[in-house]
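Notes for the one structure printed next.
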Amino acid sequence: MSTTERIALTPALGQVVTVPLCTSSIAVYASSPELINLVAKFEGGASNFEQLDLDSSGNLYTYKLSFLSSDFPKSISVFANGVELEGKISFEHERSHGKDEEFSTEIVLEETEDFKSQRLEWLNIDDWDGWAWYRPRETWIEASFTPMSKLSPKTPTHNLLLRPNNPKIDPKSVLAVFPASPPGAFVHLTAARDGEAPGIYARVRRVKNGGRITSYVGAKVNVHKGELNAIRGAIDVARKKYGYSTAPFTQDTGHSPFTGLGFCTWSSIGEDVPLTLDLMDDLVQKLVKFNVPVGTFIIDDGWQDIRYGLNGSEKTRGLWSFDTWERMNAPLSDVVSLVKKTLPTVEDVGVWMTLHGYWNSIAPTSPLAKKYEMQTFKLNRDNLQGIDWPETDFDGQQTCSISDPEKRTWCLPPPHLAYKFWKDYFTSCFDAGVSFVKVDDQAYGSLLDGVSGGEEFVALWDGMTRAASEVFGDNRVIHCMAHYERTFNGDIGMGVATQGKKIVIRNSDDFGLNRPDIHRSHIHFNIFNAMLTSQLCLIPDPDMFMTSAQWPEYHAVLRAFFEGPVLLADKPGELDLEILNKLIGKSPTGRYQIVRAPQTIRPLSRAVWERYLDGGFGPAMKGVSYFPAARSASLVLWNTRQGALQSTADIIFESDLIDALEGIKDSVESGESLDLAVWFFSSGLAKSVSLKDFGSEPSYGAELSPPVIAVSLEPQATEALTIATYHSVGDTMVACLGLIDKYAGLAAIQRTQVKGGQLSVAISFTGILGFLVKQGAEDITGKVRVTIDNISANCAVKSKGSGLSLVEVNLVDVQAVAGKEGWTVAIDI
């Protein structure tokens, strides 16, 4: 790679920078691992970039070019060592101040109509570009960046998050568009099709016979309030239109199989490997040798009694009975017993199935078909246009042709027997010791033909969830491959189907698939899908991963910043405890738990619009999680360049820290400054930052904000920055970093207070507790005093340069006590 290819600019080449009228100066920054000569040329002149003395994690050189805002050029070209870089950076003064607005479109299906299209008259496709949540496969929705003038006319779109490309619209505006499905219809968006005027269209399909059905598309424009607020606003527009409550959704706080460490057999024993008692025994015997505190265990695909070739072709597979298949050589109860006896920490065992029983529904000549009066339902792929249909099924099996409709039919219980089928099925599982289920392939029911097929699809889900709640208890289902109108955009997502109680939904396609760029795409799709799912009545699940293969730390970090289940899938006898121990900690009562963020990570606001998926040298994907109890935040970076095989270059600005700490803005008085400690989890770098006038700081771009530090990530790498608030302890500033041996170590902090000249912190997990002390030139070794529950304790003091010291308190071996809620650690100097 040449020198000109190893330069990253902020703002990026090709970007248009809007300069607020009150701004005195603007700047352009450049990062490179090499010393270079950078020159900006513009109409009437040229200017040299100056090298900055900016701290760097990853050996980057940083350069800066400044202009007075009253005298900036219309655009600049950048030359590196005399070679012009492709693209220009343009500047323009802010022309307008936008305002928050709401929009909606009503679409009515009359009793005689099964389908209708309607144009969104208020959305000019030439004014906006941004992210479209496409449904490129039957069961998954994924975000793709596109101008609205190039939106797909066929592939279903389930959400839009847009920024203006019209200079007459306030550049800080964000428009979110949410096509909301009522209980009787499915709604999505596409661009215009043949014969239609250009624009964005709502496509509405009836899934309930009889009556007049009204649907809505809701939209919200937010100015200076961020992307999540716009998405939430668009959802609430739709909820109000339907007369739904806009109260916050609720989440169970009692015991759940989805909060502890989990293990799944799917990738572990082998995908498409039918399970046997011997294979299960080998897996759990090898797991127990690692002493892994697995609390939840999933027996995935491969346990059920199925038959081939009875559902339309030789390769199709249908469910035959509720028992295990014959080569398991044991009933389900024996398999569950084996797991629990061998792994004594396991409290919950779950089993896998699909919403239609098995991949190709129920075997039509099975005992089940007779008992539940099974009916035949046709599939119609015209229901989902614009999808690149695979030649193989979801788990690698060859699909059959759909040219003959009779070869693509499903055998299913009719709507009035769907609940009974599921109640009996789940009861048989419960009697075998199962306490939850993973129900897969849910969205494929979108292909059931006609209105009657839609009614069957709705009845299957309603019957399944009702039966699961009655048999297992509330929220004991992982809803998987469930990306379609009801969950992403309908009564499930909006909380009506579950009475406002959040349910667990798989947030992305499978981990570790054999596809180009799959690892970086897994990070991207999970974080972007969570922008929507986290605002719905859903708990996003980022899927299983391995600690011993397939970029383990890259994926482990993501799980630490998600609310959904953490599931291991390592091969038998293969496990990396070093990575696992960065995810888990022991509670004061001796119980192992996941140390993770209280809310699912969101993109750093400016990162939403960066080109972090491009090839070559450039920015990483950046997300933030706020920890209310600690009044601190994590800023996490992943190398998501093409293939994640090139190094990244980023500059972290003060505006990024402000964005990450958005949760404390309301508690900081206007004009107040905020002193922060910044700690790098992987590299161990430490830095102090003082944000002036934090409480009244407006939202602003990187080009108007002072830089803090440059960051570069190696291929396949990730980094987590802890942004912790300093506290005045006597004459010294001290920040609690949480557990510095955990990815999301701030989650261990229950509360902090300064009292009697000490900083007191309540901690809820074992690990290495870290404090960053800002002491100037003074050596504090031997002056630090630490107590744990009022008993004097040892600590280690390490110099981090620039007048900073890291104080480490070892909580790894502290004593567990029944009923204890936390350890109180106090520090003074």
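The values are calculated or read from the model by the stated rules, or taken from the named source; none is laboratory data. Every value quoted in this text rests on a predicted model; they were computed, and no experiment measured them. Note that we place each Cβ from the backbone using ideal geometry, even for glycine, and neighbour counts take in every protein chain shown.
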Task: Meets criteria (in a loop (DSSP other than H, G, I, E, B), more than 32 Å from the chain's Cα centre (by Cα), of a type in the set (Val, Ile, Thr) and surrounded by fewer than 16 Cβ atoms within 10 Å (Cβ to Cβ)) for THR112 - done: yes
Open item on the list: When you check VAL177 against the structure, is it under 17 Å from GLU227 (Cα atoms), in contact (Cβ under 8 Å) with a residue 12 or more places away in the chain and not assigned by TED's automatic domain parsing to the domain that holds ASP382, yes or no?
Closed with: yes
TODO: Would you mind stating whether GLU84 is touching a residue at least 60 places away in the same chain (Cβ under 8 Å), among the acidic types (Asp, Glu) and surrounded by fewer than 17 Cβ atoms within 10 Å (Cβ to Cβ)?
DONE: no
TODO: Return yes when SER90 is among the small types (Gly, Ala, Ser), exposed (fewer than 14 other Cβ atoms within 10 Å of the Cβ), touching a residue at least 24 places away in the same chain (Cβ under 8 Å) and in a strand (DSSP E or B) and no when it is not.
DONE: no
TODO: Return the only residue of VAL566, VAL557 being in contact with a helix residue (DSSP H, G or I) (Cβ under 6 Å, 6 or more places away or on another chain) and of a type in the set (A, V, I, L, M).
DONE: VAL566
Task: Given (1) acidic (Asp, Glu); (2) free of Cβ contacts under 8 Å to residues at least 60 places away in the same chain; (3) assigned to a loop (DSSP other than H, G, I, E, B), number of the condition GLU271 does not satisfy - done: (2)
Task: Residues of region 257-268 satisfying the condition of being modelled with pLDDT of 95 or more and either in contact with a Leu (Cβ under 8 Å, 6 or more places away or on another chain) or assigned to a loop (DSSP other than H, G, I, E, B) (or both) - done: PRO257, PHE258, LEU261, GLY262, PHE263, CYS264, THR265, SER268
Open item on the list: Looking at region 451-469, can you tell me whether even one residue there is among the basic types (Lys, Arg), surrounded by fewer than 24 Cβ atoms within 10 Å (Cβ to Cβ) and closer than 25 Å to VAL351 by Cβ?
Closed with: yes
- [ ] Have a look at ASP129, ASP114, ASP170 and point out the one that is assigned by TED's automatic domain parsing to the domain that holds VAL217, closer than 30 Å to HIS522 by Cβ and of a type in the set (Asp, Glu).
- [x] ASP129
Task: Of all residues making up region 190-204, the number that are within 18 Å of TRP122 (Cβ to Cβ) and charged (D, E, K, R) - done: 2
Task: Single condition PHE545 does not satisfy, out of (1) under 16 Å from the mean Cα position of the chain (by Cα); (2) free of Cβ contacts under 8 Å to residues at least 60 places away in the same chain; (3) closer than 27 Å to ASP281 by Cα; (4) surrounded by fewer than 24 Cβ atoms within 10 Å (Cβ to Cβ) - done: (4)
Task: Selected residue (criterion: modelled with the lowest pLDDT) from residues of region 684-699 that are outside any strand (DSSP E or B) and out of contact with any His (no Cβ under 9 Å at 6 or more places or on another chain) - done: GLU697
Open item on the list: So, in region 797-827, how many residues would count as being loosely packed, with under 13 Cβ neighbours inside 10 Å and part of a strand (DSSP E or B)?
Closed with: 1
- [ ] Would you be able to say whether some residue in region 444-462 is farther than 29 Å from SER625 by Cβ and under 23 Å from the mean Cα position of the chain (by Cα)?
- [x] yes
Open item on the list: Pairs needed: first member in region 722-733, in the same structural domain as ILE780 (by TED's automatic domain parsing) and on the phi > 0 side of the Ramachandran plot; second member anywhere, at pLDDT below 95 and of a type in the set (Gly, Ala, Ser); C-beta distance under 8 Å; at least 6 residues apart or different chains.
Closed with: GLY730/GLY757
TODO: Mind listing just one residue for me: the one in region 705-725 that is more than 30 Å from SER24 (Cβ to Cβ) and in a strand (DSSP E or B) and, of those, farthest from the chain's Cα centre (by Cα)?
DONE: ALA724
Open item on the list: Six or more apart or on different chains, Cβ atoms under 6 Å: show the pairs whose first residue is in region 446-471 and part of a loop (DSSP other than H, G, I, E, B) and whose second is not β-branched (Val, Ile, Thr).
Closed with: ASP449/LYS378; ASP449/ASN380
TODO: May I ask you to verify whether HIS483 is in the same structural domain as THR533 (by TED's automatic domain parsing), crowded, with 23+ Cβ neighbours inside 10 Å and either at pLDDT below 95 or more than 25 Å from TYR372 (Cα to Cα) (or both)?
DONE: yes
TODO: Scan region 410-432 and give yes if some residue there is at pLDDT below 95, outside any helix (DSSP H, G or I) and among the small types (Gly, Ala, Ser), otherwise no.
DONE: no
Open item on the list: Given the criteria assigned by TED's automatic domain parsing to the domain that holds SER683, in contact (Cβ under 8 Å) with a residue 24 or more places away in the chain, surrounded by fewer than 20 Cβ atoms within 10 Å (Cβ to Cβ) and among the hydrophobic types (A, V, I, L, M, F, W, C), does VAL773 qualify?
Closed with: no
- [ ] Kindly establish whether LYS64 is surrounded by fewer than 19 Cβ atoms within 10 Å (Cβ to Cβ) and outside any strand (DSSP E or B).
- [x] no
- [ ] Output yes when any residue across region 191-198 is closer than 30 Å to VAL624 by Cβ, at pLDDT 95 or above, of a type in the set (A, V, I, L, M) and outside the structural domain of ASN383 (by TED's automatic domain parsing), and no when none is.
- [x] no
Task: Sole residue being surrounded by 24 or more Cβ atoms within 10 Å (Cβ to Cβ), in contact (Cβ under 8 Å) with a residue 40 or more places away in the chain and either acidic (Asp, Glu) or farther than 27 Å from VAL678 by Cα (or both), chosen from ILE539, ILE601 - done: ILE539
- [ ] Answer yes if at least one residue in region 381-400 is basic (Lys, Arg), at pLDDT below 90 and under 30 Å from ALA192 (Cβ atoms), and no otherwise.
- [x] yes
- [ ] Return the only residue of ASN81, ASN124, ASN48, ASN59 being touching a helix residue (DSSP H, G or I) at 6+ places or on another chain (Cβ under 9 Å), of a type in the set (S, T, N, Q) and not assigned by TED's automatic domain parsing to the domain that holds SER152.
- [x] ASN81
Task: Among the residues listed as ILE492, ILE478, ILE523, ILE505, the single one being modelled with pLDDT of 95 or more, surrounded by 23 or more Cβ atoms within 10 Å (Cβ to Cβ) and either on the phi > 0 side of the Ramachandran plot or part of a helix (DSSP H, G or I) (or both) - done: ILE523
